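Undergrad: Shown below is the structure under consideration.
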Amino acid sequence: MSVTVRFAPSPTGRLHAGNIRTALLNFLFARKMGGRLFFRLDDTDRDRSTEEFAHGIREDLAWLGIDYVDEVHQSARFARYAEAVEKLKVTGRLYPAYETPEELELKRKRQFARGKPPVYDRAALKLTPEERARFEAEGRKPHWRFKLETRDVVWDDLVRGRQHVDAASLSDPVLVRADGTYLYTLPSVVDDIDLGISHVIRGEDHVVNTAPQIQLFEALRATTPAFGHHSLLVNANGQALSKRDRSLSIQGMREEGIEALAVASYAATIGTSDPVAPHVNLDELVRGFDFAKLSRAPARFDPAELRALNAKLLHMLPFAAVAERLEAMGIGGGEAFWEAVRGNLAVLGDAKYWWEVVQGPLAPVIESGELCHVAAGLLPPEPWDTETWASWSTAVKEATGAKGKALFQPLRLALTAREHGPELKQLLPLIGRERAVARLEGKAA
């Protein structure tokens with residue numbers, strides 16, 4: 001079948017971990033099925049929606065490698081929503097209600113006091129023309145409610161399986177506010193109809209919206225898409241994520257130096273039956289995508305686990321995948337340098353630290369002046385390769401009698417001023433003979 005999906009954030013903030021999981025699931029499904037992904041900005045909230053946030057969302061999606069066929073703005077489609085409103089009015093599915101927020105709250109309190117669910121009583125449907133006219137004369141403007149058919153609404157959820165909701169247990173949803181602005185439900189359904197959305201993939205917090213939306217699709221005489229509601233993210237302690245936590249924003253992850261592929265690998269595999277592991281390209285994630293792998297249990301998003309995954313990804317990336325970025329950071333050494341240091345990186349920016357160790361100048365740490373002096377005299381002429389370290393350290397061992405840590409630690413401290421780091425067999429050719437001699441003699445180089 002033809003697959004068309006959409007990712008529909010509101011440009012009232014930057015993307016966070018929860019958003020990006022939804023975006024990725026839509027992207028992976030569309031890519032696997034040879035389908036299309038639309039990027040829809042739900043920007044009907046004119047007070048909070050900004051172009052700055054919209055630009056930031058585009059930037060985050062591009063960074064992650066999520067592409068789409070077109071961008072749609074709800075703010076440009078008000079005329080289309082007005083057409084749908086008139087159609088629903090004509091068919092008797094949209095009716096005016098005049099209660100104030102205070103009156104509605106009082107009704108809810110009375111229902112709670114009687115042990116009843118706070119379902120709207122449809123009092124507005126019983127108003128006489130005279131009562132409506134009186135409200136209008138008082139200056140009241142109606143909000144408009146969608147009249148639900150009181151029946152069981154059933155759908156086969158792509159993640160949760162067979163679902164059903166008794167619409168009689170729901171309030172008729174407000175589609176249009178008294179000021180004429182639209183709530184989420186109407187624009188979303190109209191957009192899905194016009195874009196030909198075949199599958200709606202979103203968080204399980206939207207399950208409650210699905211039954212009214214299915215009826216709205218039917219009322220507008222449109223094909224109802226398939227629905228899939230994935231579990232929401234919680235933190236390592238099982239608590240709801242805070243959107244104010246900058247470490248959970250895509251922008252914050254980027255600034256921390258987390259790789260886009262690490263974020264994609266993590267967001268796409270947590271809460272699934274697949275192991276959380278790094279993937280070197282999005283195609284690997286596409287091939288492994290399957291709704292059957294998604295768990296209904298909350299998915300745990302742990303920034304510490306993401307950082308560990310990021311390190312694992314760097315340790316396996318080939319030089320070609322990072323060459324341009326290393327060059328942009330002013331790092332040379334080519335593939336030999338990358339092979340030497342990648343196993344010691346937590347983020348790519350750490351490579352600059354090791355490039356400075358290689359290139360210097362650094363102040364060597366001389367733990368054994370005598371051993372280092374002998375070692376300097378035994379350094380062979382260049383060119384050097386990865387075998388140089390073994391033959392040289394063996395010669396130093398034979399000349400001094402030092403072995404094990406007593407041999408290797410003084411040499412490492414003198415050459416790198418660090419107790420730990422990449423293998424010296426790989427670093428030594430990069431440091432070069434001139435710098436190595438100077439450092440072994442205790443000179444900054």
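Undergrad: So with the 1.4 Å probe, I'd like the accessible area per residue for the chain, rounded to whole Å².
TA: 48 Å²
Undergrad: Right, another one. Given C-alpha coordinates of the chain, what is the ratio Rg to Rh with the Kirkwood estimate of Rh?
TA: Rounded to two decimals, Rg/Rh equals 1.18.
Undergrad: Sequence gap at least 6, Cα distance under 8 Å: using those rules, report the relative contact order of the chain to the nearest whole percent.
TA: Values: 651 pairs, mean separation 58.0, N = 445.
Worked out over the chain, it gives 13 percent.
Undergrad: Over what distance in Å are the Cα centres of the range 371-445 and the range 287-335 separated?
TA: The range 371-445 and the range 287-335 have Cα centres separated by 33 Å.
Undergrad: While we're on this one: If I take every Cα pair under 8 Å that is 6 or more residues apart in the range 284-389, average their sequence separation and divide by the length, what percent do I get for the relative contact order?
TA: This gives 23 percent for the range 284-389.
Undergrad: Could you pull out every one of the lysines with an alpha carbon less than 17 Å from that of Lys293, ignoring same-chain neighbours closer than 8 positions?
TA: Those lysines meeting the cut-off are Lys32.
Undergrad: Length gain on complete extension for the stretch Glu83 to Ser242, per 0.36 nm per residue less the alpha carbon to alpha carbon distance?
TA: Extra length available between Glu83 and Ser242 comes to 53.4 nm.
Undergrad: Ok, one more. Output the pairs from Lys89/Lys141; Lys109/Lys147; Lys147/Lys243; Lys352/Lys425; Lys397/Lys425; Lys89/Lys126 with a Cα-Cα distance over 27 Å in this structure; if there are none, say none.
TA: Correct reply: Lys147/Lys243.
Undergrad: Considering only protein heavy atoms and a 1.4 Å probe, what is the carbon-and-sulfur percentage of the accessible area of the chain?
TA: 51 percent
The values are calculated or read from the model by the stated rules, or taken from the named source; none is laboratory data. None of these values were measured; they are calculated from a predicted model. Quick note on the areas: whole protein, heavy atoms, side chains included, nothing else; ligands and nucleic acids left out. Shrake-Rupley method; radii C 1.70, N 1.55, O 1.52, S 1.80 Å.
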